[in-house]
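> Input: one structure, supplied below.
The values are calculated or read from the model by the stated rules, or taken from the named source; none is laboratory data. Here the structure is a predicted model, which is why all the values come from computation and not from measurement. For neighbour counting, all protein chains shown are included, and Cβ atoms are generated from backbone atoms with ideal geometry for every residue, glycine included. Please note that ligands, DNA and RNA were not included when accessible areas were found on the heavy atoms of the full protein model with its side chains. Shrake-Rupley method; radii C 1.70, N 1.55, O 1.52, S 1.80 Å.
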Amino acid sequence: MKLRNILLIFGLMVSIVAYSQAEPKNNLGKTLVQLAIEFPQLRYWGEYADQTLYKDGDNMMFGIKGNRVVSEFMLIEGEGNYPHDWFVSVVNAFYKTNYQYVSESDNAFTFSYSYFYVYVSYSSYDNTASISYDYLPKYRM
């Protein structure tokens, strides 16, 4: 229940940010020290491709390259309709931002902004939703 409340607050924050910002805020470009201050339970998770992965809890993961965040990911799990409702709410909030391009596929949306994109998806198979932030190709390190 505690995780559900945290995720609900995160969803509301995304909605508020979407209403008040031209582009959604994110953690891309932050240093590992800055990230550790904001996420005190951050811990080393492993290596993948050219990134060092760090997790905060079971649902947040960050990719670090050159001491900077280059990707972030969050998984939303819950019972009943919660993951799907979260997905719909977040997609609706991002539609109200100043995105440059949006693409849609089955239960997934990609919103492109000035230097990054956001991928939001829902899986009915395992009743989970997810969101990830990554740099656009020309801004990758």
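> Can you tell me the FRET efficiency between Trp45 and Lys138 if r is taken as the Cβ-Cβ distance and R0 is 30 Å, rounded to the nearest 0.05? Display every interim value, and only then the final one.
Working: r = 28 Å, r/R0 = 0.92.
Given R0 = 30 Å and the Cβ-Cβ separation, E is 0.60.
> Could you work out the relative contact order of the stretch 24-127, using alpha carbon pairs under 8 angstrom and six or more residues apart, expressed as a whole percent?
Details: 140 pairs, mean separation 17.9, N = 104.
Taking the mean separation of contacting Cα pairs over the length of the stretch 24-127, I get 17 percent.
> Just one of (i) 22, 19, 14; (ii) 45, 19, 14; (iii) 52, 14, 12 is semi-axes √(5λ) of the Cα gyration tensor in Å as worked out from the coordinates here. Which one is it?
(i)
> Shifting gears a bit: Which percent of the accessible area of the chain is formed by carbon and sulfur heavy atoms (probe 1.4 angstrom)? List each step's numbers first, then the result.
On the way: 4460 of 8190 Å².
In the chain, the share of accessible area belonging to carbon and sulfur is 54 percent.
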